[in-house]
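The values are calculated or read from the model by the stated rules, or taken from the named source; none is laboratory data. None of these values were measured; they are calculated from a predicted model. All Cβ positions, even for glycine, are placed from backbone atoms using ideal geometry, and neighbour counts span all protein chains on display. What goes into the accessible areas is simple: the full protein's heavy atoms, side chains included, and nothing from ligands, DNA or RNA. Shrake-Rupley method; radii C 1.70, N 1.55, O 1.52, S 1.80 Å.
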Amino acid sequence: MQARDAGLVRGIGTGGLAANLVNYTIGASVFVVPALAAGSAGAWAPVALIVAAVANAAITVCYAEAGARAATSGGQAGFTTRAFGPFAGFVAGAITYLANVLAAGAILPAASDALAALLPWFAGAAPRAGFLVGWAVLLVLVNARGVAPATRAVQVALVIKLLPLLLVLGLGPFLGDPARIAAPVLPLPPRFGETVLLAVFLFAGVHGSLIAGGEIRDPPRTVPRALALGLVVITTIYIGVQLIAQGVLGADLPASATPLADVPGRIGPGWRAAMLAGTLVAMLGWTLSDALSTPRLVFAFARDGWLPAGLGRLAASHVP
């Protein structure tokens with residue numbers, strides 16, 4: 001495990017790792033899931049989120065222990081190799097890589113759709129292609145400078161991404177009516193379990209944040225603290241925006257296609273446009289975390305002999 005990470009700079013601290021986790025987890029889905037959760041679980045939607053948070057906390061504890069003991073490039077691919085052997089580690093890493101690439105392939109076109117919704121002239125094929133290529137080049141340039149600049153970019157993107165969510169949390173109590181938040185009444189709705197399952201996937205992200213494990217500083221301290229901090233932030237935001245959306249939109253929430261945009265939209269159309277821009281930033285912010293993490297799987301596979309050794313070579317400027 002130590003040999004495969006030789007030469008890497010351990011420049012990711014607690015704040016950087018926590019930011020990567022939150023950025024990896026809170027994507028565009030948070031802007032639409034409150035409506036889906038309310039439609040399937042009704043007044044029980046916040047409870048479903050709490051159940052999902054508890055379930056995800058159990059998963060996070062496992063990742064925290066494994067990541068602290070074997071903080072290596074590839075994340076779960078690395079500590080699966082250590083526990084079960086190289087083939088199991090390769091399978092875990094290959095599936096993770098495929099999932100991340102497919103997710104990026106879905107998120108980037110969706111981001112171009114969001115940009116076209118804000119700027120109608122952008123709807124043509126040429127502007128969209130230019131945007132996709134240009135953003136991919138920017139991701140390469142940011143990460144080519146090293147792990148520290150890439151981590152700072154993730155932190156900046158996270159701050160920008162959180163601004164519209166904090167706007168909802170800040171304005172919601174003044175726009176909403178507590179009477180619209182109905183108290184959960186037994187029995188559980190038939191689709192409560194479906195809502196919990198949806199919310200569990202909503203919390204997924206810890207696996208991606210540890211892929212750059214070979215560059216985490218002081219893993220035994222950093223990994224548990226960062227994952228705990230990240231989970232608290234994520235849970236607070238998810239439950240908070242769900243309650244705000246229910247309090248502001250009430251019975252209209254399940255039918256809303258853009259619930260978090262509709263909350264400040266009660267003030268004026270300009271606020272709604274700002275939230276749509278926040279959705280775009282959330283998508284692009286996810287790709288920053290993905291570009292920081294996923295290439296480390298290729299690096300780890302090259303160091304393990306599964307890919308050409310050249311893919312595991314470090315630039316001279318990145319060797320301490």
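Just a few scattered comments:
- Carbon and sulfur %, accessible surface of region 187-320 computed with the full protein complex present, 1.4 Å: 68
- At an R0 of 25 angstrom, the distance between the Cβ atoms of Leu163 and Val101 translates into a FRET efficiency of 0.30.
- Taking the C-alpha atoms only, the angle from helix 295-304 to the longest principal axis of the chain is near 30 degrees.
- Modelled this way, with points 7 Å down the Cα-to-C-beta line, the labels at Asn143 and Ala309 are 2.4 nm from one another.
- Within the accessible surface of region 102-165, defined with a 1.4 Å probe on protein heavy atoms only, the carbon and sulfur portion equals 80 percent.
- Each of the peptides 206-213, 135-142, 85-92 was scored by the mean count of other Cβ atoms within 10 Å over its residues; in descending order, highest first, they stand as 206-213, 85-92, 135-142.
- Computed extension gain for Ala6 through Leu118, at 0.36 nm per residue and net of the alpha carbon distance, reaches 35.7 nm.
- Solvent exposure of the chain as accessible area per residue, Å², 1.4 Å probe: 44
- Taken about its Cα centre, the chain carries a charge dipole of about 640 debye when Lys and Arg each add +1 at the Cβ and Asp and Glu each add -1 at the Cβ.
- Farthest toward positive dipole pole in the chain [+1 Lys/Arg, -1 Asp/Glu at C-beta], among Leu115, Leu231, Ser289: Ser289
- In this Cβ point-charge picture (+1 for Lys and Arg, -1 for Asp and Glu), region 147-259 has a dipole of about 280 debye about its Cα centre.
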